[in-house]
Amino acid sequence: MASITWRAAGALVLVGALALPASAFGHASVSPPTVVEAQGQIFTVAVPTEEENDTTVKVEVDFPSGFGVDSFEAAPGWTRDVKATGSGEEADIQSATWSGGSVPTGEDAVFRFVAEPNSAGDDTFVVKQTYGSGKVVEWSGAESSDTPAPIVHVVDAVGGGGGSNTLAIIALVVGALGLLVGLAALLGRKRALA
């Protein structure tokens, strides 16, 4: 009976993953898509190389005001240029540009940074992608466009401030529980096979 429950829970997790909108794939993205304000977090920027027989050679990310970028993970093969006001601990990073790399068609240019969003709401990023051919794609459009801007939903740390924040927190909790159920099912299967 327990294995049926675990299988049902695993199936629910799979159905939930498949229910993600197709527009979430194949576009520049910043993940995780939902975070809690005032907590340091590792973010990942992923930019797909969609042009046939071309390569992504430069990616510029304009950070939302108040996003609180703290540091960057090294990206081998790429040179990073950061624009900021102030210096040291007081620096306010507005943008970062990675250049010198080469990401072929069908692969993503991926960069990581640590940030602490300062307030709840939707933070919109502008990502500019330059191809080896010279073509520039600006990921700054509306969600329904061909080049939507990546958005990170920042929820209130105490869960207040409206229904959408509460729903976002519930979504985070359900997602975490789904992941735990999936891992438990996987571990249970390994024990049964042993």
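State yes or no: is Ala46 modelled with pLDDT under 95 and surrounded by fewer than 20 Cβ atoms within 10 Å (Cβ to Cβ)? No; evaluated as a whole, the condition is false for this residue. Criterion applied to Val61, Val82 was being touching a residue at least 40 places away in the same chain (Cβ under 8 Å), outside any loop (DSSP other than H, G, I, E, B), within 27 Å of Gly121 (Cβ to Cβ) and in contact with a Ser or Thr (Cβ under 8 Å, 6 or more places away or on another chain), and the one residue passing it is Val61.
Considering the conditions (1) among the acidic types (Asp, Glu); (2) at pLDDT 95 or above; (3) surrounded by fewer than 17 Cβ atoms within 10 Å (Cβ to Cβ), Asp123 is excluded by exactly one of them, (3).
The condition of being of a type in the set (Gly, Ala, Ser), modelled with pLDDT under 95 and touching a His at 6+ places or on another chain (Cβ under 9 Å) holds for Ser164.
Here are Val69, Val137: which of them is under 25 Å from Ala157 (Cα atoms) and β-branched (Val, Ile, Thr)? Please lay out each step first, then the result.
Numbers: Val137 fails: under 25 Å from Ala157 (Cα atoms).
Only one candidate passes the filter, namely Val69.
Considering the conditions (1) under 25 Å from Thr34 (Cα atoms); (2) surrounded by 15 or more Cβ atoms within 10 Å (Cβ to Cβ); (3) in contact (Cβ under 8 Å) with a residue 60 or more places away in the chain, Phe72 is excluded by exactly one of them, (3).
The C-beta contact set for the range 95-109 (first residue under 11 Å from Thr79 (Cβ atoms), second residue surrounded by fewer than 13 Cβ atoms within 10 Å (Cβ to Cβ), distance under 6 angstrom, 6+ apart or interchain) comprises Thr97/Asp81; Ser99/Thr79; Gly100/Thr79; Gly101/Gly77.
Comparison of Ala75, Ala8 shows that the only residue that is among the aliphatic types (A, V, I, L, M), farther than 20 Å from Leu172 by Cβ, at pLDDT 95 or above and not in a strand (DSSP E or B) is Ala75.
The values are calculated or read from the model by the stated rules, or taken from the named source; none is laboratory data. Source: prediction; values computed, not measured. Heads up, the Cβs are rebuilt from the backbone with ideal geometry, glycines too, and the neighbour counts pull from every protein chain shown.
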